[in-house]
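The values are calculated or read from the model by the stated rules, or taken from the named source; none is laboratory data. This structure is a prediction, so every number in the text was calculated from the model and none was measured. Note that each Cβ is placed from the backbone with ideal geometry, even for glycine, and that neighbours are counted across all protein chains shown. Surface accessibility is based on the protein's heavy atoms, side chains included, excluding ligands, DNA and RNA. Shrake-Rupley method; radii C 1.70, N 1.55, O 1.52, S 1.80 Å.
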Amino acid sequence: MEKIKRFVADFGLPRVIIAVYLLGLFSMAPVVDVSLFGALSDTFIRIGMNGIMVLALVPMIQSGCGLNFGLSLGVIAGLLGATFSIEMGYVGIWGFSFAIIASQVVGAIFGLGYGALLNRVKGGEMMIATYVGFSSVMIMSIAWLCLPFTSPVMIWGYGGEGLRTTVSVEGFWRHILDDFLAIQIGNFKFPTGTILFLLLVSFIVWAFFHLKIGTAMTAVGSNPSYARASGININRMRATSVVISTMLGAMGIIVYEQSFGFIQLYDGPLYMAFPAVAAILIGGAGVNKASLANVFIGVALYQGILAMTPLIFNAVLKLDMSDVIRIIVSNGMILYALTRKIKVLK
């Protein structure tokens, strides 16, 4: 009994409740004629799709810049990289690689400006980041209509200019990671390539925080006075963390798109930061401390519930309410996570 109490105390009661709820949903799947293997497959694919965008929050949290509500800026960098790749006509692994490289260049440029701005508003980073995210999406909504793209796959057919709201990556690099070494058994598919890519990027982030620069970044977030006394340039560390976070966000959306099959422009990135923030908070991260364990636990719980709840409720109610239930569950978990953040701040 003591071991159970200690485990609950260490893991956190809310996360235990969420995990038990998720296990309950998986247990109900065979009872209500929902394919358990199909549900597991959906969950793994969602974890791979969203994992890097949750991981992108870690650098800014560790450096004391708080939760990156401006993740949409990184997402826009990724969208630019993806559209550049399609405009150039690259397909397969070359197209995907070009999209990643282009997104990293654009993400680094965006991150430098974003980091300089956040260094000027210390103490109000999360509020300013939210405005940066929303305003950048609105500015880009105009830019998508004006940028000189010419690929017939992307531009509006009747006007001959401006990008479509949704661009398919079918025929370019759709499922390029999902299908790599994929394990297919019946209707169960394990997206080996996407999961391996997530693990590789996570390892690079883990290794970075064990280097001298990563340790200095963590020191800035944990104890700025000690970091300053040690000769660490606090503004440079904070700016570096913002650049890395923006670049990871850009990479994350391309991984998401190759699984999803579409590039969503205009207001598509508007609310993409909130599920990522909710996932890492559910995983146990605070506003000044986060780990890879928080990322993996959070994304597994959040995406698992988001995948399973509509399936089970639809099967029980015999109605197709997937979108409604998904919105209720998603916003409910975001509300819980942000409420939990406020408690930490107090």
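Within the stretch 186-203, residues that are closer than 18 Å to M53 by Cα and among the aliphatic types (A, V, I, L, M) reach partners that are outside any helix (DSSP H, G or I) and open to solvent by 50 Å² or more (accessible area, probe 1.4 Å) with beta carbons closer than 8 Å, at six or more positions or on different chains, in the pairs L196/F180; L196/L181. Could you say whether any residue in the stretch 46-53 is at pLDDT 90 or above and either among the small types (G, A, S) or over 17 Å from G283 (Cβ atoms) (or both)? Yes: one or more hits.
No other residue among R6, R15 is surrounded by 15 or more Cβ atoms within 10 Å (Cβ to Cβ) and more than 30 Å from L117 (Cα to Cα) apart from R15. Only one of the listed residues (L319, L301, L306) is at pLDDT 75 or above and either closer than 15 Å to P14 by Cα or open to solvent by 70 Å² or more (accessible area, probe 1.4 Å) (or both). That residue is L301. Whether any residue in the stretch 219-229 is open to solvent by less than 30 Å² (accessible area, probe 1.4 Å), closer than 30 Å to A82 by Cα and touching a residue at least 12 places away in the same chain (Cβ under 8 Å) is what I want to check. No.
Of the listed requirements (1) open to solvent by 10 Å² or more (accessible area, probe 1.4 Å); (2) at positive phi, G66 misses just one: (1).
Taking into account only those residues within the stretch 177-191 that are under 24 Å from I254 (Cβ atoms) and among the aromatic types (F, W, Y), which is surrounded by the fewest Cβ atoms within 10 Å (Cβ to Cβ)? Explain how you work it out, then say what you get.
Within the stretch 177-191, the first condition is being under 24 Å from I254 (Cβ atoms), and the residues that meet it are 177-184, 189-191.
Those still in the list that are among the aromatic types (F, W, Y) too: 180, 190.
On the way: F180: 14, F190: 18.
Selected residue: F180.
When each of I232, I282, I254 is tested for being farther than 28 Å from M154 by Cα, buried (at least 21 other Cβ atoms within 10 Å of the Cβ) and among the β-branched types (V, I, T), the lone residue that passes is I282. Does the stretch 25-35 contain any residue that is touching a Gly at 6+ places or on another chain (Cβ under 6 Å) and touching a residue at least 12 places away in the same chain (Cβ under 8 Å)? Looking for residues that are touching a Gly at 6+ places or on another chain (Cβ under 6 Å) and touching a residue at least 12 places away in the same chain (Cβ under 8 Å), one finds none in the stretch 25-35, hence no. Restrict the check to the stretch 41-59 and report whether at least one residue is touching a residue at least 60 places away in the same chain (Cβ under 8 Å), surrounded by 18 or more Cβ atoms within 10 Å (Cβ to Cβ) and more than 24 Å from I254 (Cβ to Cβ). No, the stretch 41-59 has no match at all.
Give me the residue from the stretch 260-273 that is over 13 Å from the mean Cα position of the chain (by Cα) and among the small types (G, A, S) and, out of that set, surrounded by the fewest Cβ atoms within 10 Å (Cβ to Cβ). Within the stretch 260-273, the match that is surrounded by the fewest Cβ atoms within 10 Å (Cβ to Cβ) is G261.
Take F26 and tell me if it is part of a helix (DSSP H, G or I) and either touching a Phe, Trp or Tyr at 6+ places or on another chain (Cβ under 9 Å) or small (G, A, S) (or both). Working first, answer last.
Values: part of a helix (DSSP H, G or I): yes; either touching a Phe, Trp or Tyr at 6+ places or on another chain (Cβ under 9 Å) or small (G, A, S) (or both): no.
For F26, the condition - part of a helix (DSSP H, G or I) and either touching a Phe, Trp or Tyr at 6+ places or on another chain (Cβ under 9 Å) or small (G, A, S) (or both) - is not met.
Just one of (1) closer than 30 Å to F134 by Cα; (2) open to solvent by 30 Å² or more (accessible area, probe 1.4 Å) fails for L200. It is (1). Of all the criteria given as (1) modelled with pLDDT of 95 or more; (2) within 25 Å of D179 (Cβ to Cβ), the one not satisfied by S35 is (1). Tally the residues that are within 15 Å of A82 (Cα to Cα), assigned to a loop (DSSP other than H, G, I, E, B) and open to solvent by less than 50 Å² (accessible area, probe 1.4 Å), restricting the search to the stretch 152-175. So the answer is 5.
Of these, S27, S85, which one is open to solvent by 10 Å² or more (accessible area, probe 1.4 Å) and among the polar types (S, T, N, Q)? Result of the check over S27, S85: S27.
Quick one: which of M126, M138 is open to solvent by 50 Å² or more (accessible area, probe 1.4 Å) and either without any contact (Cβ under 8 Å) to a residue 60 or more places away in the chain or part of a helix (DSSP H, G or I) (or both)? Only one candidate passes the filter, namely M138.
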